[in-house]
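Chemist: Encoded as C-alpha cells, here's the structure I'll be asking about.
Each value in this text was obtained by applying a stated rule to the coordinates, not by laboratory testing. As the structure is a computational prediction, the values presented were derived from the model and not from experiment. Methodologically, a virtual Cβ is constructed for each residue, glycine included, from the backbone with ideal geometry; neighbour enumeration extends over all protein chains shown.
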Amino acid sequence: MDWLPKQCSKHKWAPKTYESNLSTIQNLIIPYIGDMEMQKLRPYHMENLYATLSKTPCGSYIEGKKQELTEKQKQRFLSGTTIHEVHRLLGTAFQYAVEWGILVKSPVPVDSPKKSTQERTIWTVEEMRAALDSMEDPILHLAVHLTLVGALREGEIVGLTPEDLDFDAADGIGTFRINKSMQRVRKEALNQVDDGCIIKVFPDKLERSTTSLILKSTKTASSCRTIFMTSALKEELKKWLNQLATDERKDPTRYHDSGMLFRLPNGLAAEPVLIRKKFLKWQDAHPEFPRIVFHGLRHSSATYQLMISGGDVKAVQGTTGHATADMLVNTYAHIQQSSRVELGKKFEEGFYAKQESPSPQAVNAAGEPTISMAALLELLKNADPEVKAQLRLALLT
C-alpha cells in the first residue's frame, strides 16, 4: 500500500476519502489477493475477486481482521456499488504500477462491475410536512427543517455557523451559506492528508481517542452555495440563536463556545452522529412514517424541488450543490409513484380520448364561425328541403 500516501498527496484527498480507500484495501482487497505476486496477476484473477466479493457478507473483515458474523449478518452481501469501488481503486493502483515500470500492463479488466441501481426510499411532501410537525426535539426539528429547505448533507448541517446566516439578504428573504462540512475521521487519516482543506480540529472529548472531529471546506466548488430561507425557517433560526445566548448566560464559566450553529447546552459542537441518532429515535417512536435514512431527507427534498420547479435541473442544482446537472439527473432519476400514476392518467385522457363533435356555432381562432363535417351532415339530415338545397348550393360554389 505504499502508493496510497502518494495518491493522497497527488489528488489532495480529504481525510474521509483516505479513510474510505484505506478500508477498501484492508478489508476487500488484501484478504483475497494480498498474498499473490503482482507480476502474476491476470484479468481473470480480478474477475474471480469480483465474483467472490459479490457473495461476501458485509463486514467480513474490519481493519484487515476476519470477523465472526451472526446468521443474520451473513445474509447481507456487498453491493455492486462497493465492488465497483474496488475495481476503481485497483485500476488506479495498477496504472501507477505501470507508470512506475513495475508492470508492463495492468491486470485490471477494462469493463467494470455494474453498480447497484436500488431505488431510494423518499418521503412525499405530505409525509415531510407531517414528520416535521411531529418533531418536538428542537435540535432535530431545526436540522430536519434545514435539510428539507436546502437539501443538505448531514455534515453540512452541523458545519453551519451563526456567521453563515444573513436574515436581511435578498430583500429581507434571508439566506444561509454552505461552504463547510463537519466530519469525524481517524487521526491516522488526518496525519496523511493535505491540511489545506481543514478549517478546524476540535479538542478531543476522551483521552487516547483514535478519531478527531474536524471542520473542513466543502468537497467541490459547486458544493459552496447560498440557499434562500423560508419565513418559517427564518423564525426558527432566530429563536435558536436566542436559545444559544440563553444557554451561555446560564453558566458562562462552564460554557465551551464551539462557534457552531448546532451545539449542545454546554456549547460543545453537535456531531453528525448525534443528528442521526436523534432521527433514528424519532423514527422508532413514529412507525407510521416510511423508514428512511437521514440522508433520504436530502433525496426527498431534491425530488420535491424538481417536481415543483417543473424539472428545472439547473435551479435545483444550485440548491443541492451537485457538481454537474447530469449528476443531479442521474441521482434523482426516480419519480414518486403518485407522479407516475398521475402521468399515466394524463396520457390515457389525452391519447385515447374521442374527439368530441364541436357545436355548429364553434368559432375558429380568427373569430369566424366554423362547422365540422359531422355537424354539417347532422344539419343536412334534419333540415327542410329548401334549407338542404341552399346548403348543397353553398358546398358546390
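Chemist: Loop-only trypsin sites (Lys or Arg not before Pro) in segment 196-263, please: DSSP not H, G, I, E or B, and at most 16 other Cβ atoms within 10 Å.
Modeler: 205, 208
Chemist: What does the charge count around residue 23 come to, taking other residues whose C-beta lies under 10 Å from its C-beta (Lys +1, Arg +1, Asp -1, Glu -1)?
Modeler: Local net charge: -1.
Chemist: At q = 0.17, 0.26, 0.30 Å⁻¹, what log₁₀ I(q)/I(0) does a Debye calculation on the Cα points of segment 128-189 give, no solvent, two decimals?
Modeler: -0.70, -1.14, -1.22
Chemist: Based on the alpha-carbon gyration tensor of segment 3-99 and its eigenvalue square roots a ≥ b ≥ c, which shape applies: rounded if a/c is under 1.5, prolate if not and a/b is larger than b/c, or oblate?
Modeler: Oblate.
Chemist: I would also like to ask the following. Which pairs in the list 16/216; 115/278; 65/277; 65/187; 16/187 are over 22 Å apart, alpha-carbon to alpha-carbon?
Modeler: Where the Cα-Cα span goes over 22 Å, the pairs concerned are 115/278; 65/277.
Chemist: Related question: If I take every Cα pair under 8 Å that is 6 or more residues apart in segment 84-226, average their sequence separation and divide by the length, what percent do I get for the relative contact order?
Modeler: Over segment 84-226, the number comes to 16 percent.
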